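The values are calculated or read from the model by the stated rules, or taken from the named source; none is laboratory data. Owing to the predicted nature of the structure, the values given are computational and were not obtained by experimental measurement. Using ideal geometry, Cβ is built from the backbone for each residue, glycine included, and neighbour counts are taken over all protein chains shown. We work out accessible area using only protein heavy atoms, side chains counted, and drop any ligands, DNA or RNA first. Shrake-Rupley method; radii C 1.70, N 1.55, O 1.52, S 1.80 Å.
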Amino acid sequence: MTPPELTPPQVPLRDLVPDYRELSPEVAARFAHLRERPVILSIRGLEKSFGHGGSAARALQDMSFDVHRREFVCIVGPSGCGKSTLVRIVAGLDEATGGAVLLDGQEVTGPGPDRGMVFQGYTLFPWLTVRRNVMFGLRERGQPPRAAEATAQRWLEMVGLEGFADAYPHELSGGMKQRVAIARALANQPRILIMDEPFGALDAQTRAQMQSYLLQIWKNVEVTILFITHDLDEAAYLSDRVVVMGANPGRVVETIENPVPRPRRPDQFISRSFLSLKRRLTELIQPHDEAEDAGTLPISKLTDAADTVE
Amino acid sequence: MATGKPAAAHRDWLGLKKEPPPRRRFALAVLSFVLPLALWSAISYVPWLWHPLVRITSAGDVEYFSTGMEVPRANFERENQKAAAEKTDPAQGYRVNPPYLPPPHAVARAFVTAFQTPPRLPGEPWLYQSLGHSIRTILWGFIASSILGVPLGILSGAYRLFSWIQEPFIEFFRYLPAPAFAALCVAVLGIYDPPKIAIIFIGTFFQQVLVIANTVRRVDPTFVEAAQTLGASGPSLLWRVVIPAAVVEIYADMRILLGWAWTYLIVAEVVGTMSGITYFINQQARYRNFPNVYAAIAMIGIIGLSTDFALAWLGRWFFPWKRASRRVAKPTGLQRVRRPKGVPTREVKAA
């Protein structure tokens, strides 16, 4: 499937892939349809600074974007751009110093079950079995034990882990833990599912598997997803739109409509539309001159380094 | 290396990086008791090791010696040299250790005889009564301290408000040695058991609050955050997240604190009227019945260690999620009724 144009390395990539803004008619129609859906989450001029007065460090500056119902939005950005700060504010775990987060038009003031969250670290409660972990939110909201158990069972089936209902989290692999975490968050039927680099700690193979699981779940469940990642492939593979953030201070640099058609398949990783998006993301996150400097350390060749390796 | 062994057999005998295999661990644990015992036996049974005294079997012409008397070896030799010079009859005797170091077999025998020997004075307690009295004192002191200390520690660890309103004072108070309050306790509470329990309480409580508060503070805050995003709030966060997250560590703290409570026992028992095992030890020392003294001291260690073992075993039973194995261990006790199933841990294939 490798496009034959890619093989001669002398031709620069930018001349071979189309512009990322070129959407195929189907994709364009999809976005037109998507924009008509109601806005679930609205970030309005969000500001966050740490410290006071002159020494205050600005983490986020005038961030604004909307997420529509059933949309899959990825947020990417260089490390330290405030991605995590942003999601923590959306989840209600941190407070903004300016602007507002609106969920269905209501201002967010604290954490709540309407915004489910999957964290990067494993946050399953180790003292509860898998089933009871999934039941946690339901019981917290006053569902009787029997009903909560039945609901939990359904969600465990959804993530393919019904056979592990009575296991403890430490008996599961990393990928399985994150699937339970997704089931636990979804069992509350949140308006939006916030995922903060949920697959960051997984190995490449499990991560790819989890990505396709997530797409399957998203397809079958009425849920909107806000997904934070630093992995550009992941963002391009999963998202409807990508919100690209810049650092110092954290801000929205560009919001890109993903030109890759759905349904997504792993072989799209080398499609033209995928590469055009990936190239744009790379440009935005690693500006050209910086990209060249980044890999180069000021190391001179040592005299006893005999053979030339490159 | 022996040829039969696989080449990969690790040679980390000192255990720098790896735990030794279970059987060797057990052997080492046994050895940790055998080695001091062997040292003690050597000193007791090898006549030319130490044995600083000579027990006189025949006084000869030495005037101030008498049969059965134990004299320092230097004196014995000096008197015998004198006797040899004066051509009088020398004294005879054999080397012994001082009475305060009885040989292991005497102490071992005392473990049995001490329980069988009726007290010398009427109204004195038997050994088992003394031990029972001590255990009761410890238990009441520890329970009283825990009833107050555990909740305060948990509150202090969970909420900054409680931490700031109580910990600075407790930090100050814990430096005051519990025995310093002995006189006060007697003045307020009398001379029998209450002041003793109070000493153990004072010695345990303040440490307990701080230790448990620290343990609770170490609970991973992301557990609380995860619970909040699932809709938990208020007291529910404390009961359903913070406490379960810390309970295993709190339990471990309690085991250590119970050990500390024992260290205050002897001090507590000399307060007011001397009681319990301390009284027994003192009486036996007064009668110069040193094997009994050692036996009684060793009993404290045995009781302490076996309590700790029992608690550790119970802990495995209370906290099934803390078992190291990836498969659920053999069910014990209540778990036979409510057992979590063992599971294979391979990743499930995509459907």
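Structure data summary
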{"read-out": "Residues of segment A:78-115 classified as under 27 Å from A:Leu281 (Cα atoms) and facing chain B (nearest Cβ under 8 Å), total", "value": "1"}
{"read-out": "Scan of segment B:170-219 for residues that are assigned to a loop (DSSP other than H, G, I, E, B) and within 25 Å of the chain's Cα centre (by Cα), ordered by number", "value": "B:Arg174, B:Tyr175, B:Leu176, B:Pro177, B:Tyr192"}
{"read-out": "Selection status of A:Arg179, on the phi < 0 side of the Ramachandran plot, basic (Lys, Arg) and open to solvent by 30 Å² or more (accessible area, probe 1.4 Å)", "value": "no"}
{"read-out": "Residue within segment A:149-157 that is within 10 Å of chain B (Cβ to nearest Cβ), open to solvent by 20 Å² or more (accessible area, probe 1.4 Å) and either over 24 Å from B:Phe319 (Cα atoms) or not aromatic (Phe, Trp, Tyr) (or both) present", "value": "no"}
{"read-out": "Among the residues listed as A:Arg58, A:Arg146, the single one being at negative phi, open to solvent by 60 Å² or more (accessible area, probe 1.4 Å) and touching a Ser or Thr at 6+ places or on another chain (Cβ under 7 Å)", "value": "A:Arg58"}
{"read-out": "Lone qualifier among B:Ala226, B:Ala285, B:Ala245 - being away from chain A (no Cβ under 14 Å) and small (Gly, Ala, Ser)", "value": "B:Ala285"}
{"read-out": "Criterion violated by A:Arg184 - all others in (1) more than 9 Å from chain B (Cβ to nearest Cβ); (2) touching a residue at least 40 places away in the same chain (Cβ under 8 Å); (3) not β-branched (Val, Ile, Thr) satisfied", "value": "(1)"}
{"read-out": "Which listed residue, of A:Asp240, A:Asp203, is of a type in the set (Asp, Glu) and open to solvent by 10 Å² or more (accessible area, probe 1.4 Å)", "value": "A:Asp203"}
